[in-house]
Amino acid sequence: MEKFVLIADSIDKICSQTLQEKYGLTVVYHPDINIKFIKNLIDRYDGLIVRSRTNVDKQMIERGAKGIVEFQKGCLKVIGRAGIGLDNIDLEAAKEFDVKVFNVADGHIPSVAEHTIGLMIALSRDLISACNSTHNGNWEKSKFKGNELHGKTLGIIGYGQIGQRVATIANAIGMEILIHDPHVQKNSSFDDFDNFDELEFVSLKLMFKMCDLITLHVPLNSDTEKMVNSKLLNIAKKNLRLINTSRGKVIDEDALYKVIYNGTILGAALDVFSIEPPIGAPLLRLSNVIATPHISSSTVEAQYRIAKTIANKIGIYLTKGEQQ
């Protein structure tokens, strides 16, 4: 029996090709479809693939699994998140209506780690302002005097695969590294870090007091929402620079604005915001805040890996009833 998959967000074409050619599924690619239309059509699809743009709530899942019209049986069996974060999918509802949810946990690791390091360099050397000044016809060599990363203390909050990759690069640069992750045992060994004498795990309070730069690599949940708050920011080292490529809501943005505006910390580089796009966000008015539009995983290589992986997970599940 023919099976259908709706791709509701922009994703590399390898996803559609894999689903069609390898698994014989019929794919509808509609990357700009709005929530209302998805809900009106969702019961016709066996599978749904989204990225971060589309919010898959309980109503959508129930309609897909049970059918929109009374006595009409829905088709939806599986949802694929082309990325790692699942905060835009109602997992409780998926479990309630027996809809399987897959994500891709590792396809974006090099891209996010490299973007994080790039933001650190741009922030420490004031590269955005220097670039804009030069484009405007100025040659202000004496104005832009930044800081090296070498020898600075970097705090990494969240020591999963991305945090570990950031640590590897930062260690090669010559940075001292402190880690906070309550889910990782102190002084655990990691195969990729033979050149580390010891991984030093510290409390958040101590990290904010000691670090020159802090980067966040945590999921959004009840434990991490606004984990970076006014209490931590107001005890921070005065030259702190903060980087966030995880989720916007893990930082209290009002508190961050105040400490940067008041000069309590030096600045921030943010790829994510609590509301996206962050139109009118006060942080965007500050010259020492670098902002990018949630693109840390948006490389050609990462998007290809993610699209192919999620296609295989969905394809195997819909054709064989198995998990990859």
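The values are calculated or read from the model by the stated rules, or taken from the named source; none is laboratory data. Model, not experiment: these values are computed from the prediction. In this analysis, Cβ positions are derived from the backbone assuming ideal geometry, glycine residues included, and neighbour counts consider all displayed protein chains.
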- So residue 296, is it outside any strand (DSSP E or B), in the same structural domain as residue 167 (by TED's automatic domain parsing) and in contact (Cβ under 8 Å) with a residue 40 or more places away in the chain: no
- Task: Only one of these is farther than 27 Å from residue 277 by Cβ, modelled with pLDDT of 95 or more and surrounded by fewer than 18 Cβ atoms within 10 Å (Cβ to Cβ): 2, 96, 62. Name it.
- Result: 96
- Note on the structure: Restricted to the range 65-87 and to residues being at pLDDT 95 or above and within 18 Å of the chain's Cα centre (by Cα), the residue surrounded by the fewest Cβ atoms within 10 Å (Cβ to Cβ) is 81
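With the range 190-292 as the region, which strands (runs of 3 or more DSSP E) entirely inside it contain at least 1 residues that are hydroxyl-bearing (Ser, Thr, Tyr) and modelled with pLDDT of 95 or more?
Working: elements: 213-216, 241-244, 267-270, 289-291.
It comes to 213-216.
Is it true that some residue in the range 7-14 is among the hydroxyl-bearing types (Ser, Thr, Tyr), touching a residue at least 60 places away in the same chain (Cβ under 8 Å), within 15 Å of residue 311 (Cβ to Cβ) and not in a strand (DSSP E or B)? Lay out the reasoning, then the answer.
From the range 7-14, those among the hydroxyl-bearing types (Ser, Thr, Tyr) are 10; that's our starting set.
Of the ones still in play, those that are also touching a residue at least 60 places away in the same chain (Cβ under 8 Å) are none.
No: zero hits.
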- If a residue has to be more than 14 Å from the chain's Cα centre (by Cα) and of a type in the set (Phe, Trp, Tyr) to count, how many in the range 269-318 make the cut? 2
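Taking the range 59-99, which residues are among the basic types (Lys, Arg) and closer than 17 Å to residue 8 by Cβ? Walk me through it before giving the result.
At the first step, the residues of the range 59-99 found to be among the basic types (Lys, Arg) are 63, 66, 73, 77, 81, 95.
Residues satisfying the conditions are 63, 77, 81.
When you scan the range 233-254, do you find a residue that is among the small types (Gly, Ala, Ser), within 19 Å of residue 157 (Cβ to Cβ) and in contact (Cβ under 8 Å) with a residue 40 or more places away in the chain, even just one? Spell out the reasoning first.
Here is the first cut: in the range 233-254, the ones among the small types (Gly, Ala, Ser) are 236, 246, 248.
Applying the additional criterion that residues be within 19 Å of residue 157 (Cβ to Cβ) yields 236, 246, 248.
Adding the requirement that they be in contact (Cβ under 8 Å) with a residue 40 or more places away in the chain leaves 246.
Yes, because at least one residue in the range 233-254 is among the small types (Gly, Ala, Ser), within 19 Å of residue 157 (Cβ to Cβ) and in contact (Cβ under 8 Å) with a residue 40 or more places away in the chain.
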- Exception for residue 27 within (1) surrounded by 18 or more Cβ atoms within 10 Å (Cβ to Cβ); (2) touching a residue at least 24 places away in the same chain (Cβ under 8 Å) falls at (2)
- Index of the failed condition, residue 183 passing every other in (1) modelled with pLDDT of 95 or more; (2) surrounded by fewer than 18 Cβ atoms within 10 Å (Cβ to Cβ); (3) in contact with a Phe, Trp or Tyr (Cβ under 9 Å, 6 or more places away or on another chain): (1)
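Consider the range 15-46. How many of its residues are assigned to a loop (DSSP other than H, G, I, E, B) and either in contact with a strand residue (DSSP E or B) (Cβ under 6 Å, 6 or more places away or on another chain) or at negative phi (or both)?
9
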- Message: Of everything in the range 147-163, what is crowded, with 20+ Cβ neighbours inside 10 Å and not in a loop (DSSP other than H, G, I, E, B)? Give them in sequence order.
- Response: 154, 155, 156, 157, 162, 163
